[in-house]
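Here is the structure we will look at, set down as structure tokens.
The values are calculated or read from the model by the stated rules, or taken from the named source; none is laboratory data. Given the structure is predicted, the values throughout are model-derived calculations rather than measurements. Cβ: placed from backbone, ideal geometry, glycine included. Neighbour counts: every protein chain shown. To get the accessible areas, we keep the full protein, side chains included, count just its heavy atoms, and leave off ligands, DNA and RNA. Shrake-Rupley method; radii C 1.70, N 1.55, O 1.52, S 1.80 Å.
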Amino acid sequence: MRLASIPILLLVLAARPAAGRSAPSEPPDVLHAATSLIERVVPGQAGFFLVEQLPAQAGLDVFEVESQGDRVALRGSTGVAIASALNWYLEHVAGITIANPLRPIVLATPLKSVAAKVRITTPYRYRYFFNYCTFSYSMAWWDWDQWQRMIDWMALKGINLPLAVTGQEGTWRLVLRDLGFSEKMIADFLVGPAYLPWGWMGNIDGLGGPLPGNWIDGHVELERQILARERELGMTPVLQGFTGHVPASIRDVFPEAKIHQTGDWSAGFSGTWFLDPLDPLFQRFGGRFIERQTELFGTDHLYAADSFNEIDPPSDDPEFLAGMGRAVYQSMHSTDAAAVWVLQGWFLYYQAKFWKEPQARALIGAVPDDRMIVLDLWGDRHPVWQDREAFYGKPWIWNVLYNFGGKVNLNGDLPQIASNLAAALASPAKGRLSGLGMMMEGLGYNPIVPDFVMDMTWRDQVPELGQWSRAWVDRRYGGPNAHAQSAWRLLMQTAYRSAPQTGTFLAERPGFYVAGTAYRTEPIAPYDVRTLALALDTLLSASSELGGNDAYRYDVVNLTRQVLGQLGLPLVNAVEAAFRRRDRPGLIAAEARVVGLLNDLDRLVATREEFLLGRWLEDAKRWGRTPVERDLYEWNARNLITLWGARCTEGQNDDLNLYAYKEWQGMFSTYYLPRWQEFFARLNRSMDAGTPFERAPVAADMCRWEQEWSRRHDTFPTVPRGDPVTTAARLNARYRADLAGADSTSQ
């Protein structure tokens, strides 16, 4: 099948640009870039592969894989296509699934031969990756080593359109200085490292700052490295455009500026300030932004800009909104005649009450069709394209929105993902569907989900999910295993048919469960937990054959964490029952079981580096050059995954409290456990005094304690401790009776 075609955009593929210069016009050395990637992926074995370049097919990437003697030929139209050829060989011939984060692979030699020449053309011009939020919830503290492994993984998966907004605080610093803002005004505007995406999207100012100059300088340099690698592989990075968001101090610099304050953000943050689209300052700011950004990073002519992310504009007048659309586009186009606006379509779902048909048409229709690409963020669950006439003639990209807050849980509605993608591809009303991608808020803990979505980049039809998943499991564990296949069949009936991000109730701010309350952890699974527990039993049965496989060891810990975490709510319910009947021995015993489970979960996740709070905090602190900077970064890192902001009120999930909570070693033992212990102490005092228990004072004290935890400097392990499989098996046996009686529908 062939998707609707669109004009090929002018792509300037460049090596790293020097400051003050645009990206060079000469194409990169594709073969050198691809060979270097192969050497990084299979160190010391690149010589077993022949690398050749092919012409694109009707403007679309193509690759070939073929055995030639004792070597394997990898051919492709770009570095990404050649990398995808390698990935195809690894998956379909060598039987290996590429992990993320990418780790070196050692292939058996001589290489397995390819039975017959393979040639595959992608049906998608664009294969998009990253949500703004990913730059916080997963990548806030990344260095170049982490980034280059991510870029190599993206290339292997066929991604050619990555959002690339690291370091844009450097652009803002230059622009605001140029326009007369003081250093203090700039510092008050730019947010801290953990909160940069929401500063970029115009939701907040200043939170977590002031942002040190060392951070800005270091991330300008990091962005240049990122862009150089992405461009040499043939990717087209999406940089930032001006949205209209300006510092609150703008009136001190430009007294006549016409500005609007948005409504408060949903998290209780006060509205930010936006320039009126008809104010000449809008073009002055926007044009200068593109100029300065191009001097720092070059340009590939694609600019992301989302003027009203989760905040309503000051007017619903279609003329005003059309003016905003024209102003944003013109601020790009006036400086870069080849500019294309990349627009997130999230606002059309999230703020649907505001963005009715006249408003949506006004904003999107104000831009020439070939100068805008719309991202349908939640195509897997809420396909906006169906309600908005495929975005009124604009090319658009179908996406999966996944892993809100970067939470740690097993989930992913794979049948729904497959169904909605297939429906989009088959629909005669799909308009100019030109790509697919992933808009995950965090990179996640469910590797099967991005593997399935990105595998579609080289398919023109959605495969049967059962067959695909069976092949994936074989590759993940290095070969067929009956126990592993049985376990994953059960997972596909439970966690991977589930959109809710089900977590443990023990991560909530302590209190008794109240039906109808919106909990961050979504503690009641939409499936029978006993089936999930059976999947764990079955997976553990494969330990004698697979116990040395790293992916297996990770999966065992992750699944055990998920299963045991589901006991949190029934154990707290047992505490409540004992308290209600004034059973003091029963209360003490029930409380001890909650404490024991929290300690056991901490011991379990301590066995894998993916679940260590210490790694997150130390990665943050390493960016600091002074004690003050290190303390600031540590506060950002701690606060993001707990209170999410400096404010704290006393409700269950007020503001963004716990939006990005983590089920990590260190979080169970030093954050969740002390809060439950204090809650239990208050319960016991209430029972002793014979007085009714009041949660409100406890919640108020929790707020103060949680704020204090963000300011602490205790350290945590950065390397795992204990054997993952042995620990998981021991804990599974310890809680077997509880798991046998666990039924999510009765909680």
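When you scan region 35-49, do you find a residue that is open to solvent by less than 30 Å² (accessible area, probe 1.4 Å), modelled with pLDDT of 95 or more, of a type in the set (A, V, I, L, M, F, W, C) and within 30 Å of ASP336 (Cβ to Cβ), even just one? Explain how you work it out, then say what you get.
From region 35-49, those open to solvent by less than 30 Å² (accessible area, probe 1.4 Å) are 37-38, 41-42, 45-46, 49; that's our starting set.
Next cut, modelled with pLDDT of 95 or more only: 37-38, 41-42, 45-46, 49.
From what is left, the residues that are of a type in the set (A, V, I, L, M, F, W, C) are 37-38, 41-42, 46, 49.
From what's left, within 30 Å of ASP336 (Cβ to Cβ): 37.
Checked against the condition, which is being open to solvent by less than 30 Å² (accessible area, probe 1.4 Å), modelled with pLDDT of 95 or more, of a type in the set (A, V, I, L, M, F, W, C) and within 30 Å of ASP336 (Cβ to Cβ), region 35-49 yields at least one hit.
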Hey, does region 568-588 have a residue that's open to solvent by less than 40 Å² (accessible area, probe 1.4 Å), β-branched (Val, Ile, Thr) and either part of a helix (DSSP H, G or I) or touching a strand residue (DSSP E or B) at 6+ places or on another chain (Cβ under 8 Å) (or both)?
-> yes
Scanning for something touching a helix residue (DSSP H, G or I) at 6+ places or on another chain (Cβ under 7 Å) and small (Gly, Ala, Ser), does region 673-691 turn up at least one residue?
-> no
Among the listed residues ARG695, ARG730, which satisfies the condition of being closer than 30 Å to ASP555 by Cα and of a type in the set (D, E, K, R)?
-> ARG730
Can you find even one residue in region 266-280 that is on the phi > 0 side of the Ramachandran plot and part of a loop (DSSP other than H, G, I, E, B)?
-> yes
Which of the residues spanning region 37-81 are part of a helix (DSSP H, G or I) and in contact with a strand residue (DSSP E or B) (Cβ under 7 Å, 6 or more places away or on another chain)?
-> ILE38, PHE48, ALA81
Select from region 185-206 the residues that are within 25 Å of the chain's Cα centre (by Cα), open to solvent by 20 Å² or more (accessible area, probe 1.4 Å) and not small (Gly, Ala, Ser) and list them in ascending order.
-> TRP200, ASP205
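Which residue, of TRP265, TRP215, is modelled with pLDDT of 95 or more, of a type in the set (Phe, Trp, Tyr) and open to solvent by less than 20 Å² (accessible area, probe 1.4 Å)?
TRP215
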Pairing a residue in region 397-416 that is farther than 8 Å from TYR496 by Cβ with any residue that is basic (Lys, Arg), where Cβ atoms lie under 7 Å and the two sit 6 or more apart in sequence or on different chains, gives VAL408/LYS662; PRO415/ARG497; GLN416/ARG381
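Yes or no, residue by residue, for (1) touching a Gly at 6+ places or on another chain (Cβ under 7 Å); (2) crowded, with 19+ Cβ neighbours inside 10 Å:
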residue	(1), (2)
PHE308	no, yes
ILE311	yes, yes
TYR329	no, yes
ALA337	no, no
VAL342	no, yes
PHE347	no, yes
Matching residues in region 223-258 - criterion: being under 27 Å from VAL374 (Cβ atoms), touching a strand residue (DSSP E or B) at 6+ places or on another chain (Cβ under 8 Å) and of a type outside the set (Asp, Glu) = MET235, THR236, PRO237, VAL238, LEU239, GLN240, GLY241, THR243, GLY244, HIS245, VAL246
The lone condition LEU90 fails out of (1) buried (at least 18 other Cβ atoms within 10 Å of the Cβ); (2) at pLDDT below 95 is (2)
Would you check which residues across region 284-306 are over 24 Å from LEU161 (Cβ atoms) and surrounded by fewer than 21 Cβ atoms within 10 Å (Cβ to Cβ) and list them?
-> ARG284, GLY287, ARG288
Hey, VAL80 open to solvent by less than 30 Å² (accessible area, probe 1.4 Å) and touching a Gly at 6+ places or on another chain (Cβ under 8 Å) or not | yes
How many of the residues in region 268-283 are surrounded by fewer than 17 Cβ atoms within 10 Å (Cβ to Cβ) and either of a type in the set (S, T, N, Q) or more than 26 Å from the chain's Cα centre (by Cα) (or both)?
-> 3
Quick one: in region 442-451, of everything that is part of a loop (DSSP other than H, G, I, E, B) and in contact with a Lys or Arg (Cβ under 9 Å, 6 or more places away or on another chain), which residue is least open to solvent (accessible area, probe 1.4 Å)?
-> GLY442
Conditions: (1) open to solvent by 10 Å² or more (accessible area, probe 1.4 Å); (2) within 26 Å of TRP635 (Cβ to Cβ); (3) assigned to a loop (DSSP other than H, G, I, E, B); (4) in contact with a helix residue (DSSP H, G or I) (Cβ under 6 Å, 6 or more places away or on another chain). TRP142 meets all but one. Number of the miss?
-> (4)
Region 226-254: number of residues that are within 20 Å of GLY199 (Cα to Cα) and part of a helix (DSSP H, G or I) = 2
Mind checking whether some residue in region 120-131 is more than 27 Å from THR457 (Cβ to Cβ) and out of contact with any Pro (no Cβ under 7 Å at 6 or more places or on another chain)?
-> no
Complete set of residues in region 675-716 that are under 26 Å from SER136 (Cβ atoms) and either in a helix (DSSP H, G or I) or at pLDDT below 95 (or both) = ARG675, MET702, CYS703, ARG704, TRP705, GLU706, GLN707, GLU708, TRP709, SER710
For the subset of region 608-649 comprising residues that are open to solvent by 10 Å² or more (accessible area, probe 1.4 Å), under 21 Å from LEU673 (Cβ atoms) and assigned to a loop (DSSP other than H, G, I, E, B), which member is modelled with the highest pLDDT?
-> ARG608
Given (1) under 24 Å from LEU617 (Cα atoms); (2) of a type in the set (S, T, N, Q); (3) open to solvent by 10 Å² or more (accessible area, probe 1.4 Å), index of the condition SER182 fails | (1)
Residue, nearest to ILE96 (Cα to Cα), within region 517-559, restricted to residues that are part of a loop (DSSP other than H, G, I, E, B), open to solvent by 50 Å² or more (accessible area, probe 1.4 Å) and among the charged types (D, E, K, R) | GLU522
(1) part of a helix (DSSP H, G or I); (2) at pLDDT below 90; (3) within 26 Å of LEU564 (Cα to Cα): which one isn't true of GLN652, the others all being true?
-> (1)
Of all residues in region 386-413, which are over 25 Å from PRO447 (Cβ atoms) and surrounded by 24 or more Cβ atoms within 10 Å (Cβ to Cβ)?
-> PHE391, LYS394, PRO395, TRP396
